[in-house]
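This report refers to the structure that appears directly beneath it.
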Amino acid sequence: MRHTVTALVENSPGVLTRVAGLFSRRGFNIDSLAVGVTEDPRISRMTIVVEGSEATLEQLTKQLNKLINVIKVTDLKDSESVARELALVKIAVEPAQRAQITQLVDIFRGKIIDMGRQSVIVELTGDETKVDAFLNLARDFGIKEVVRTGRIAMARGMKSMEYQKEEKQNGQNIL
Amino acid sequence: MLGVLKIDPEGGVGVMNGAELIVKFLEQEKVEIVFGHPGGAILPLYDALRQSRIRHVLARHEQAAAHAADGYARATGKVGVCMATSGPGATNLVTGIANAYMDSIPMVIFTGQVPTDMIGTDSFQEVDITGATLPFTKHNYLVKDVNLLPRVIKEAFHIARTGRPGPVLVDLPADICLQAVGKVEYPSRVDLPGYKPTYRGHPLQVARAATAIQEAKRPVLCAGGGVISSGASEELLTLAERAAIPVTITMMGIGAFPATHPLFLGMLGLHGLPPANHAVMGADLLLAVGVRFGNRVTGKVDIFAHQAKVVHIDIDPVEIGKNVPVDIPIVGDAKLVLRDLLERVHPVEKVQRQGWFDQIERWKTSYQGSMGAGVEKKASNEKGKRLKGRWVVERLNQILGKEGIILTDVGQHQMWAAQLALRERARSFISSGGLGTMGFGLPAAIGAKLGCPDEEVVLITGDGGFQMNMQELSVAAKLGLNLKIFILNNHSLGMVRQLQEFYYNKEYYSIELSDLPDMVKLIEAFGGTGFRVDDPAEVDDAIKRALASEALTLVDFLVDPNENVYPMVPRGKGIDEMIGG
Ligand SMILES: Cc1cc2nc3c(=O)[nH]c(=O)nc-3n(C[C@H](O)[C@H](O)[C@H](O)COP(=O)(O)OP(=O)(O)OC[C@H]3O[C@@H](n4cnc5c(N)ncnc54)[C@H](O)[C@@H]3O)c2cc1C
Ligand SMILES: Cc1ncc(C[n+]2csc(CCOP(=O)(O)OP(=O)(O)O)c2C)c(N)n1
């Protein structure tokens with residue numbers, strides 16, 4: 001099973017190392033990890049795609065939560081969330097093929113963002129299957145380079161993952 | 001370097017530098033003692049420490065400084081503090097930090113670091129110690145801004161001692177320690193949105209656990225290190241007595257429940273006692289409190305406690321369901337959860353579980369018959385037979401009773417010490433459990449003695465492990481610590497020899513220590529006193545003499561090199577399939 005886990009983390013140096021180190025140390029198989037700052041500059045958000053059973057998912061969530069710099073962890077169910085990734089694809093294109101590639105890009109609702117004499121760079125967003133399908137067809141032209149961001153995801157509806165400063169001050173329930 | 005102790009761009013007067021600020025905060029944390037070894041990068045901190053009332057103990061090796069802080073923390077329940085310089089000083093601490101991490105011991109570790117502008121240049125004695133210790137610290141910090149010091153120090157102590165305790169490392173670049181700071185107050189609280197341990201158990205789960213206790217026919221309580229760190233011994237005892245539940249302990253739980261209590265089953269696990277192992281495998285309810293179900297405890301994990309409904313009380317959610325499936329999970333502090341549970345548990349008479357207690361009695365009797373007190377003595381006294389290590393440990397326990405603090409190193413002697421311990425209170429048995437670090441015993445004993453100067457501190461050690469940190473005898477001698485060191489000297493790496501006997505076809509290799517130094521001369525060279533014993537008839541006298549001694553004392557027991565630890569659970573077996581049980 002593939003799971004999408006999203007985590008709010010402190011935006012401070014070393015956090016990515018801690019998270020990445022945890023995955024390798026505990027033997028979790030990560031398909032992708034995407035990270036960027038949130039609307040609050042002190043907080044970053046990670047989207048992690050992980051392969052494994054429910055038990056693996058539970059351990060991963062708990063282990064992530066245990067890291068001091070990790071503020072909140074949520075498991076996003078596919079049916080209750082939207083997910084996208086961004087890919088940039090450099091494709092070898094002879095001038096004669098330009099019309100063909102433009103058509104292909106249109107069908108996938110991508111964009112050509114750079115065009116050279118013998119190549120184009122295509123920007124594509126979508127879920128992984130869409131990107132995969134595009135790459136499959138682009139192969140006929142000759143793919144020179146691909147870069148993918150990995151999945152980013154968000155729950156549908158009003159639910160948000162913002163971190164609210166809790167009323168209860170930390171330390172109050174300490175023995 | 002005189003005159004640069006305070007680098008103050010404004011040339012202000014009356015300000016402190018970063019190091020002095022740290023020491024001020026340590027005083028505010030009520031730190032009484034730190035263990036360490038100096039060097040260039042940490043000198044600013046040492047210079048500040050020189051002017052403080054905090055005591056510094058100069059370990060002869062940084063690993064020992066960490067173990068001493070660890071031993072101090074285990075004996076007192078306070079946070080142990082140690083420090084070392086950058087590079088080799090820091091890497092020498094690593095084993096000690098990992099050891100504390102595996103056993104959830106609260107420690108704060110300070111390391112010197114090269115100045116911030118040199119970090120990353122492979123400068124002299126530079127090592128990425130926060131990177132290196134990331135996997136086995138609860139948290140760590142590299143302080144790159146002097147203004148962060150108050151927050152970092154506050155958080156370090158807070159994180160180390162709350163929730164599931166553990167070591168926290170603070171790496172201090174030399175320039176940060178030398179930088180001037182104005183008047184700064186120590187923060188009164190921490191702001192850690194990502195760190196909020198749960199202390200109270202979920203009422204619904206607590207209620208379910210209470211019902212399970214009431215309904216159980218064959219319940220067993222299993223107490224671990226978490227009961228000790230929580231200070232929950234009293235609640236544990238009350239629950240066991242009120243609901244008539246026999247109690248087993250892990251090695252880390254020794255002392256959490258009184259060993260002479262009729263409900264006590266002894267330690268469980270791969271070298272556990274038969275009554276404990278059988279009871280867990282036969283139980284219909286296992287109430288685990290502050291245990292992490294390590295593989296030394298469970299044996300073949302898929303059949304561990306296979307008949308039992310499992311209630312697991314632990315402060316760390318990660319531990320619940322990690323190794324053993326749990327029916328009733330309770331995340332919370334052992335003491336608070338047990339208190340809540342006691343509100344709901346009605347008294348159960350022993351007779352209501354008579355069948356279960358009869359069965360347990362049979363296990364106990366059968367064990368006493370085969371392995372219990374006296375058997376080894378007979379063996380020892382047979383002509384030509386050598387003194388047995390197990391028997392020495394048993395005599396020591398009988399003579400010492402519940403007094404003092406027992407520490408061990410790692411190996412066969414450790415297992416006998418754990419199996420035969422007659423401990424009555426928490427923090428009176430100290431041993432390296434999760435990492436199994438040879439060389440832990442002596443420095444930890446120094447830490448324990450400094451933390452509890454009025455206690456008789458007894459170290460049971462092997463000839464192998466003792467040599468891994470014996471330089472620390474200097475510290476014990478210098479400080480006039482009258483530790484009692486009992487070496488079970490089998491002139492070999494006994495535990496490894498046993499493994500080779502069972503799993504490597506008796507092909508003994510690299511386990512002989514026939515060229516040992518004369519241990520009596522050795523202790524005398526360090527200024528202590530010692531004597532050697534090889535006659536079973538002299539054992540009691542030797543133990544009594546050592547315990548009566550006012551000096552640093554070592555007894556070198558020459559014991560049978562071919563003795564094995566029993567019972568033992570062979571690889572891949574359930575814990576009720578013991579050899580020699
Ligand atoms: C040679 C050798 C042989 C060994 N053989 C055995 C053996 O036969 N049997 C045995 O038992 N051990 C044995 N050990 C020790 C073993 O490796 C483990 O260290 C030990 O079993 C762990 O004990 P524990 O489960 O109590 O966990 P600990 O490591 O003490 O962990 C404590 C647990 O309590 C939790 N906790 C902490 N604070 C609290 C709190 N306030 N409230 C609630 N929970 C809390 C923690 O989250 C953790 O889960 C051996 C070690 C060596 C070196
Ligand atoms: C630092 C370290 N190195 C190696 C080991 C593996 N090991 C476990 S027990 C043991 C032998 C211990 O021998 P000794 O100290 O003489 O004690 P004995 O088993 O004979 O009682 C060894 C080498 C270890 N636990 N720790």
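Only the coordinates and a few stated rules stand behind these numbers; no lab work does. The shown structure was predicted, so the numbers you read here are calculated from the model rather than taken from an experiment. Here the Cβ positions follow ideal geometry from the backbone for every residue, glycine too, while neighbour counts run over all protein chains shown.
Summary table
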{"read-out": "19 Å Cα-Cα reach of A:K77 towards aspartates and glutamates, excluding residues that sit fewer than 8 places from it in its own chain", "value": "A:D31, A:E51, A:E54, A:E58, A:E85, A:D127, A:E128, A:E162"}
{"read-out": "Ratio of Rg to Rh over segment B:506-581 (Cα coordinates, Kirkwood Rh, two decimals)", "value": "1.13"}
{"read-out": "Ellipsoid equivalent to segment B:137-184 - semi-axes via the Cα gyration tensor, in Å", "value": "22, 12, 6"}
{"read-out": "With Cα atoms, 0 to 90° folded angle of helix B:149-161 axis to chain B main axis", "value": "0 degrees"}
{"read-out": "√(5λ) per eigenvalue of the Cα gyration tensor, the protein assembly as shown, largest first, Å", "value": "50, 35, 26"}
{"read-out": "Computed over segment B:389-558, Cα set: Rg, Dmax in Å", "value": "15.1, 48"}
{"read-out": "Value of D in µm² per second that Stokes-Einstein yields for segment A:25-90, Kirkwood Rh from Cα pairs, at 4 °C (1.567 mPa s)", "value": "95 µm²/s"}
{"read-out": "P(r) histogram, all alpha-carbon pairs of chain A included - 10 Å bins from 0, percent", "value": "9, 31, 27, 20, 9, 3, 1, 0"}
{"read-out": "Length-normalised contact order of segment B:389-558 in % [C-alpha pairs under 8 Å, at least 6 apart]", "value": "22 percent"}
{"read-out": "Normalised alpha carbon radius of gyration of segment B:316-371 [divisor 2.2 N^0.38 Å]", "value": "1.66"}
{"read-out": "Under Karplus coefficients 6.51, -1.76 and 1.60, residue-wise ³J(HN,Hα) of segment B:216-223 in Hz, glycine/proline x", "value": "5, 9, 10, x, 9, 9, 10, 10"}
{"read-out": "Share antiparallel - DSSP beta bridges, segment B:6-181, percent rounded to 5", "value": "10 percent"}
{"read-out": "Segment B:115-129 and segment B:431-499: distance between their alpha carbon centers, rounded to Å", "value": "35 Å"}
{"read-out": "Shielding by partners - mean other protein chain Cβ count within 10 Å, residues of B:193-206", "value": "4"}
{"read-out": "Segment B:28-135, Cα convex hull volume normalised per residue, Å³", "value": "100 Å³"}
{"read-out": "Cβ neighbours within 10 Å from other chains - mean over B:135-141", "value": "3"}
{"read-out": "Residue-averaged 222 nm ellipticity for chain B, from DSSP H runs of 4+ at -39500 (n - 2.57), nearest 500", "value": "-11000 deg cm²/dmol"}
{"read-out": "Long-range tail of P(r) for chain B (Cα pairs > 34 Å, %)", "value": "43 percent"}
{"read-out": "Share of pairwise Cα separations in segment B:203-366, more than 21 Å, in percent", "value": "37 percent"}
{"read-out": "Degrees between helix B:389-400 axis and first principal axis of chain B (Cα, 0 to 90, nearest 10)", "value": "80 degrees"}
{"read-out": "37 °C / 0.692 mPa s Stokes-Einstein diffusion coefficient of segment B:98-234, Kirkwood radius on C-alpha pairs, µm²/s", "value": "183 µm²/s"}
{"read-out": "For chain B: relative contact order, % (alpha-carbon pairs under 8 angstrom, 6 or more apart)", "value": "14 percent"}
{"read-out": "Kirkwood hydrodynamic radius of segment B:98-175, from inverse mean 1/r over distinct Cα pairs, in Å", "value": "12.8 Å"}
{"read-out": "0 to 90° range, to nearest 10: angle between helix B:494-503 axis and chain B longest Cα axis", "value": "60 degrees"}
{"read-out": "Stokes-Einstein translational diffusion, segment A:82-152 - Kirkwood Rh over all Cα pairs, 1.306 mPa s, 10 °C, in µm²/s", "value": "133 µm²/s"}
